[in-house]
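The values are calculated or read from the model by the stated rules, or taken from the named source; none is laboratory data. Since we're looking at a predicted model, the values are computed, not measured. Glycine also receives a Cβ, built like all others from the backbone with ideal geometry; neighbour counts cover every protein chain displayed. Heads up: the accessible areas ignore ligands, DNA and RNA and are worked out on the full protein's heavy atoms, side chains in. Shrake-Rupley method; radii C 1.70, N 1.55, O 1.52, S 1.80 Å.
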Amino acid sequence: MPYEWLKALHVISVIAWMAGMLYLPRLYVYHADAKLGSQLSETLKIMERRLLRRIINPAMIATWSFGIWMLTVNPALLREPFMHVKLATVILMQIVHAFLARYRHHFAEDRNAHSARFYRILNEVPAALIVVIVIMIIVRPHF
């Protein structure tokens, strides 16, 4: 497969992953304020589960798969400092993903322990990480 196709598929996967990573915490903001057992709470549980299982998780797997594939085709990138920062930031994104998945389980079991404000702040973390990732890939700063 030509490298440009790998890159295109990687970018498409990243966009889908990040769309979900920005939307899921917003759902949590609404869910944290919803009354336990209410129709809204139960609807949000379904939306959160579907978003995570049908969009976020598959997009994350595709992102990692195409990214690793690109690095095997072009291993010289691994010698670049910008790539080290980018990969470290992607690992942080993966950790945020894991926390979001964990919080989904808490909501599903009606045992959320965080406020809507907590989720509003958490919603900013993927956005901040995206900024760093995009700068590393587009600008490729020299350290």
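At-a-glance table
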read-out: First in segment 29-45 and under 12 Å from Asn112 (Cβ atoms), second anywhere and exposed (fewer than 12 other Cβ atoms within 10 Å of the Cβ) and modelled with pLDDT of 95 or more, Cβ under 6 Å, 6 or more apart; value: Leu36/Asp110
read-out: Count of segment 87-143 residues which are in contact with a Ser or Thr (Cβ under 8 Å, 6 or more places away or on another chain) and at pLDDT below 95; value: 0
read-out: Sole exception among (1) in a loop (DSSP other than H, G, I, E, B); (2) in contact (Cβ under 8 Å) with a residue 24 or more places away in the chain; (3) open to solvent by 80 Å² or more (accessible area, probe 1.4 Å) for His114, by number; value: (3)
read-out: Test: residue in segment 90-105 that is open to solvent by 70 Å² or more (accessible area, probe 1.4 Å), touching a Lys or Arg at 6+ places or on another chain (Cβ under 7 Å) and on the phi < 0 side of the Ramachandran plot; value: no
